[in-house]
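These notes are about the structure you will find just below.
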Amino acid sequence: MPPGIDFIYDLASPNAYLADRAIRGIEERTDVKFNYIPCLLGGIFKTTGNQAPFMTFANVKGKMQYERVEMDRFVRKHGLTRFQLNPHFPVNSLLLMRGAAAAEIDGTHQEYIRAGMVAMWEQGLKMDDPEVFTKAMSAAGLDGAHLLARAHEPDAKQRLIDNTSAAVKRGVFGIPTFFVGDEMFFGKERLEQVEEAIRHSAERA
């Protein structure tokens, strides 16, 4: 069996959504499952001194326009017709990701991920608003009020802190980041390399 495949994600990242959709095909082709690890992108940035591309490259002529071209190419390649940029971007993801950490603890992580991805990057909702968060999660078949309460409980807060700290210790500086065993890959554009590494690991096993 190949080594564990970890996906460091934050629901507030559009590239995390795009990667999530492409990952599904990799899982089908390789018969492996990615382990989704909720982390706080803002915490990663603060610890590593990194910042969002729209800030880093704001004064670089043509850079952000080209980033959008690359995003559009990825969307077309994978047929992601439901994707839309969130009109409230950037969304503060603290509530969302504490909720994800709670769902990870409580065993509803995959359902939560699906609901959060759709709310953020298909419906364009303002998911840092507690009322919007609660309604969106309930509409997706989850208990929105319960998740809102859980997101404020100490174990969920600590899980998110621990996940984020552990990711930074592994060398993570942004999202999406993937690990095949101990080998790190950054960016949705590296998913072909991730799939290659999975296959090579399986061949050596």
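Each value in this text was obtained by applying a stated rule to the coordinates, not by laboratory testing. Values in this document were obtained by computation on a predicted structure and should not be read as measured data. A quick note on method: Cβ atoms are made from the backbone with ideal geometry, for glycine too, and the neighbour counts reach across all protein chains shown.
Observations
- When the chain is described by a simple charge dipole with +1 on each Lys and Arg Cβ and -1 on each Asp and Glu Cβ, the residue from Q158, M64, I5 located farthest towards its positive end is M64.
- Sparsely packed loop sites in region 1-50 (the trypsin sites (Lys or Arg not before Pro) outside DSSP H, G, I, E and B with at most 14 other Cβ atoms within 10 Å) comprise K33.
- Relative contact order (percent, whole number), region 89-205, Cα cutoff 8 Å, 6+ residue spacing: 22
- Cross-link partners of K135 among lysines, defined as those whose alpha carbon lies under 16 angstrom from its own and excluding same-chain residues fewer than eight positions apart: K126.
- For A156, neighbours were defined as the other residues whose beta-carbon sits under 14 Å from its Cβ, and their charges (Lys and Arg +1, Asp and Glu -1) total -1.
- Electrostatic dipole magnitude of the chain [Cβ: Lys, Arg +1; Asp, Glu -1; Cα centre; debye, to 20]: 560
- Positive dipole terminus of region 5-204, leading residue within V118, Y36, L85 (C-beta point charges): L85
- The relative contact order of the chain comes to 34 percent, based on Cα pairs under 8 Å that sit 6 or more residues apart.
- Cα shape, region 5-204, gyration tensor, a/c 1.5 rule: rounded
- Label-point separation, I105 to E192 (7 Å along Cα→Cβ), nm: 4.2
- From its DSSP helices (H runs of at least four residues, each -39,500 (n - 2.57)), the chain gives a residue-normalised ellipticity at 222 nm of -18000 deg cm²/dmol.
- Mean-position separation - Cα centroids, region 102-155 and region 1-80, in angstrom: 20
- Too-long pairs where the Cα-Cα distance tops 23 Å, listed order kept, from K77/K188; K77/K169; K46/K169; K63/K188; K33/K188: K77/K169
- Net charge of neighbours whose Cβ lies under 14 Å from the Cβ of L80, counting Lys and Arg as +1 and Asp and Glu as -1: +3
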